[in-house]
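Enquirer: Structure below; questions to follow.
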Amino acid sequence: MSVYTASPDLATLPGVRQFTEELLERIAGAVAADRATLSRVDGEWVVIEGSFDREGQPAELGRRWQITAPEFQRLIKEQEPMVQMFEPALLPGEFREQLAGVRHIVIVPLIFEGEVFATVAVSRRQDRPFADADLTSLRELGNVAVLALRSAMLLAESRAAASALRTSEERFRLLVDSVKDYAIFLLDPSGHISSWNQGAERIKGYRAEDIVGRHLSTFYQPEDIAAGHPAIELAEAEQHGRVEAEGWRVRKDGTRFWASVVITALRDDAGRLRGFAKVTRDITERKQIQDQLLESERRKSEFLKLASHELRTPVSLIRGYLSMFEAGDLGVFNERGKRALSVLEAQARELNALIAEMLEAARIEKGAATLAQEDLDLRTVAAEAVDSVRGKARADHRLNLLTPGQPLRVKADRGRLLIILQNLLDNAVKYSPDGGEIICEVREASGWAEVAVRDHGLGIEPEQLDQLFSRFGRIVTNETANIRGSGLGLYLARELARLQGGDIEVESEPGRGSAFTLRVPLASPKEQTEPTSGRQIPDPAIIRSK
């Protein structure tokens, strides 16, 4: 069965019902009929959408019945009118009542795009059959009715859509107008303001009647206007669809605020520019916090530079005099004096190391750190680092070094690599207060040279990991409060690794320990040379324990 199903009910479309009734009255008059009914075909059902009756009660709108009669099914399939005649006296009472005295009926299919979407049934109560001329007229009227109904439906649907659009636009306007945390307004293609919301009034200080029609450059500082920033932002939005920016903007009272701005180009279906939508947010408070953090970092850098230089000379003098005391040039000490001298020397070395860290951090901050790169076997640098830290470890710490059987060649700064590994190993020792095994493993992985330092110490909470590599970024807890450290070691380690094209990654679990992995690029075959100095590493792999 070929059936066209109209999407909306005709009777529900504004204006269509009245039009349908007038159309049916004219069709009935054209063929001297007493009654005319329009029914919409809806799948296997027929729904009455309009009715005219010259003398009696019109058919009930919305009434529906299933298409089961073979004659009606044939009408839909063959798309030809159906003619019927009834003898009321011979009909069942219920059916006779439904016909309301009708004796002759012609049902004409209304066809659109090759499918039956509705029918018009015209009927006479007198015993006067419809002639062939009537059928011809009804066919022609059916074609006219199709065009008229489709035009009326399209007009009604467009009006309904326009009404819905107006309602939607009004709701959107009310929504935008109620937003107070964002300035949301529209600009015409030349940048003049065409709408204004409460958020814009709150943030910028202008009432709608004071600002609509003025150019968006009203909100910019004179130097930004002179530099052409308003025009540049509109041009970028037009070219790329949108632009985001931050900068100072000016309120009506002349005060400034730091603004986050998004400008979006608005185009019609043909792609023509119709204007811009601009959303502005006051983020002055965030800007102030950022500036405070930057100022804090600047002061840290100044402190590092000043303190390291100012402490360098007196510490050198102290170490010099300690050396003279140890050599006996300034007198002979008893056993207690010698022990005190040993403690002083150890503290002087720590202070000297701290000054070295501060100087290195200051150079990195200034961008003045230089590298003395050479071809190295990473195994020898790792072994030297393990030996240097071994003396700081307690008896219950077990430092193990694992290396591959073949040299692992890198082109790097030996001194900086040694500092990185010493810091990682020293960190593992300090944060393993109960002792335990600390493993330093040298390996090749995915085209990189790696040194992994693993401990079974205190571990680190996941939310604290980002703080590890910041300057002075010590993590202080009840367990770590008594552990000494400057907070520069891991910061320097990562920065020095990155200076050499590498990085440091960390994995940690509270109570189970941490693993820090240094990764540096392997030396290319052209860069690899036979080492001329440095300690020898026995083959194959070795494990060295304290």
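Enquirer: Could we say that Ala152 is out of contact with any Leu (no Cβ under 7 Å at 6 or more places or on another chain), at pLDDT 85 or above and not in a strand (DSSP E or B) here?
Expert: The answer is no for Ala152.
Enquirer: Mind checking which residues of the range 229-239 are surrounded by fewer than 16 Cβ atoms within 10 Å (Cβ to Cβ) and either in contact (Cβ under 8 Å) with a residue 12 or more places away in the chain or farther than 16 Å from Val261 by Cα (or both)?
Expert: Ala231, Gln239 - these are the residues of the range 229-239 that are surrounded by fewer than 16 Cβ atoms within 10 Å (Cβ to Cβ) and either in contact (Cβ under 8 Å) with a residue 12 or more places away in the chain or farther than 16 Å from Val261 by Cα (or both).
Enquirer: Condition first: hydroxyl-bearing (Ser, Thr, Tyr), in contact with a Phe, Trp or Tyr (Cβ under 9 Å, 6 or more places away or on another chain) and modelled with pLDDT of 65 or more. Can you find one or more residues in the range 104-122 that meet it?
Expert: Yes: the range 104-122 contains one or more residues that are hydroxyl-bearing (Ser, Thr, Tyr), in contact with a Phe, Trp or Tyr (Cβ under 9 Å, 6 or more places away or on another chain) and modelled with pLDDT of 65 or more.
Enquirer: Hey, could you check the range 245-258 for residues that are in contact (Cβ under 8 Å) with a residue 40 or more places away in the chain and surrounded by 14 or more Cβ atoms within 10 Å (Cβ to Cβ) and say which is farthest from the chain's Cα centre (by Cα)?
Expert: Selected residue: Lys252.
Enquirer: Quick one: Trp65 ticks every box in (1) more than 16 Å from Ser123 (Cβ to Cβ); (2) more than 56 Å from the chain's Cα centre (by Cα) bar one, so which box is it?
Expert: Every listed condition holds for Trp65 apart from (2).
Enquirer: Is there a residue in the range 388-395 that is in a helix (DSSP H, G or I) and crowded, with 18+ Cβ neighbours inside 10 Å?
Expert: Yes.
Enquirer: Still on this structure: Checking the conditions here, which among Lys305, Lys300, Lys278 is at pLDDT 75 or above, of a type outside the set (Gly, Ala, Ser) and more than 22 Å from Arg349 (Cβ to Cβ)?
Expert: Within the list Lys305, Lys300, Lys278, the selection yields Lys278.
Enquirer: Something else: Name the residues in the range 25-37 that are surrounded by 20 or more Cβ atoms within 10 Å (Cβ to Cβ) and under 16 Å from Arg139 (Cβ atoms), would you?
Expert: Selection gives Ile27, Ala28, Ala33, Ala36.
Enquirer: Which of the residues spanning the range 266-295 are assigned to a helix (DSSP H, G or I) and either in contact (Cβ under 8 Å) with a residue 12 or more places away in the chain or not β-branched (Val, Ile, Thr) (or both)?
Expert: Hits for the range 266-295 are Thr284, Glu285, Arg286, Lys287, Gln288, Gln290, Asp291, Gln292, Leu293, Leu294, Glu295.
Enquirer: Pairs only if they're at least six apart or on different chains, beta carbon under 7 angstrom, first in the range 506-520 and in contact (Cβ under 8 Å) with a residue 60 or more places away in the chain and assigned to a loop (DSSP other than H, G, I, E, B), second surrounded by fewer than 21 Cβ atoms within 10 Å (Cβ to Cβ) and aliphatic (A, V, I, L, M); list them, first residue then second.
Expert: If the second residue must be surrounded by fewer than 21 Cβ atoms within 10 Å (Cβ to Cβ) and aliphatic (A, V, I, L, M), no pairs are left.
Enquirer: For Gly205, which of the numbered conditions (1) under 31 Å from the mean Cα position of the chain (by Cα); (2) under 24 Å from Gln288 (Cα atoms) fails to hold?
Expert: Going through (1) under 31 Å from the mean Cα position of the chain (by Cα); (2) under 24 Å from Gln288 (Cα atoms) one by one, Gly205 breaks only (1).
The values are calculated or read from the model by the stated rules, or taken from the named source; none is laboratory data. All figures in this text were calculated on a predicted structure; none of them were measured in a lab. Positions of Cβ are backbone-derived with ideal geometry, glycine not excepted, and every protein chain shown enters the neighbour counts.
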